[in-house]
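Report on the following structure.
Just so you know, all these numbers are worked out from the coordinates, no wet-lab data involved. Every value quoted in this text rests on a predicted model; they were computed, and no experiment measured them. All Cβ positions, even for glycine, are placed from backbone atoms using ideal geometry, and neighbour counts span all protein chains on display.
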Amino acid sequence: MLRISAFADEIGPNIDDQIRVCRANAVTHFELRGVAGRNVLDFDDALKKEIRQKLSDNGMGVISIGSPIGKVAIDKPWQEHMDRFKIAVDMAEFFGAPFIRVFSYYPAGGEGKGDVSLHRDEVIRRFHEKIEYIKDRPVVLVHENEKGIYGDIGSRCEDLMRTINHPKLRTAFDFANFVQCKENPLNNWPLLKPYTQHIHIKDALMDSGKVVPAGEGDGHIPEIIKDAWDSGYRGFLSLEPHLKVAGHSHGETGEDLFKVAADALKKVCREIGVPLAGA
């Protein structure tokens, strides 16, 4: 049976509201990105202890730290970024999260400022350094394909996985982000299926890039989830709806549209015969 996780900060900033709405929609785990207007890497001791206790009290967990690591220009100071990565690792251990969501860098100067493929060697070097840091830590990096970074299209995502070839780096497959790069996720799924340990649920329209509920866009979500299930995937489907705002470092959906997103995912799973907890 598959389970639902979510970027709960899309509901709103308040942790109690996040938990209440997630529980009402059969979400069992957070992909922890933000609470009280603060990014997960900026939580102080009091806030992170409060969040962990409230999640525990409600029988919920954290599947992934939804970090922004790698979502910066490749020419930004490396050591500062590596220090932030170390915080992400500590946060994952504190919350018992097996995954840290990461990205693979914008080109020098920032998003859309140049040819990111020119920085391939440096991207790979940085991943090797991160993997060396976590080699004895109980976490795995899951790379999200994101428009404008090195790993935005299927071929470069596969290149990362094949070249680095390490169990500490896996794929977080994101349907909408491929669509927004004008790529058909059905073509990219065979490339990344062997490496996929986490799946983000948001859909989009090819012509406009608009984000829509699961199954209503061009992400081929039903076909890919069915194949993932039939091939032995037993992980999480992580709601990242972006139904109000799809920002650079966060998304907004709100309570009502979050239910729309969750119901759409449940409908998809019912129609394809894939068991989903709470569906």
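Summary table below
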{"quantity": "Max mean-square fluctuation residue, GNM over the chain, Cα-Cα springs under 10 Å, options ALA172, ALA228, ALA214", "calculated": "ALA228"}
{"quantity": "Amide H contacts of ARG33 (H built 1.01 Å from N, under 5 Å, at least 5 apart or other chain)", "calculated": "ALA8, ASP9, GLY66"}
{"quantity": "Ranking of ASP9, ASP75, ASP230 by count of other Cβ atoms within 10 Å, fewest first", "calculated": "ASP230, ASP75, ASP9"}
{"quantity": "Pairs from LYS182/LYS267; LYS130/LYS182; LYS49/LYS193 whose Cα-Cα separation, in the structure shown, is over 28 Å", "calculated": "LYS130/LYS182; LYS49/LYS193"}
{"quantity": "Cα-Cα pairs of the chain separated by more than 29 Å (percent)", "calculated": "27"}
{"quantity": "Amide H within-cut-off set for TYR106, under 5 Å, with H built and near neighbours excluded", "calculated": "VAL72, ALA73, ILE74"}
{"quantity": "Ranked ARG170, ARG125, criterion: other C-beta atoms within 10 Å, fewest first", "calculated": "ARG125, ARG170"}
{"quantity": "Selection from VAL268, VAL123, TRP229, by position along the positive dipole direction of region 3-272 (Cβ)", "calculated": "TRP229"}
{"quantity": "Amide N of region 147-171 lying under 18 Å from the label point, which is placed 7 angstrom from the Cα of LEU118 along Cα→Cβ", "calculated": "148-152"}
{"quantity": "Taking LEU141, LEU118 and counting other C-beta atoms within 10 Å, the order from fewest to most", "calculated": "LEU118, LEU141"}
{"quantity": "Charged-residue dipole, Cβ positions (Lys, Arg, Asp, Glu), the chain about Cα centre, Debye nearest 20", "calculated": "520"}
{"quantity": "Mean separation of Cα contacts under 8 Å (6+ apart) over length of the chain, as relative contact order %", "calculated": "19"}
{"quantity": "Under-5 Å amide H pairs with ILE100, H placed in peptide plane, nonlocal only", "calculated": "ILE65, VAL140, LEU141, VAL142"}
{"quantity": "Charge context of ASP207, other residues only, Cβ under 12 angstrom, K/R +1, D/E -1", "calculated": "+1"}
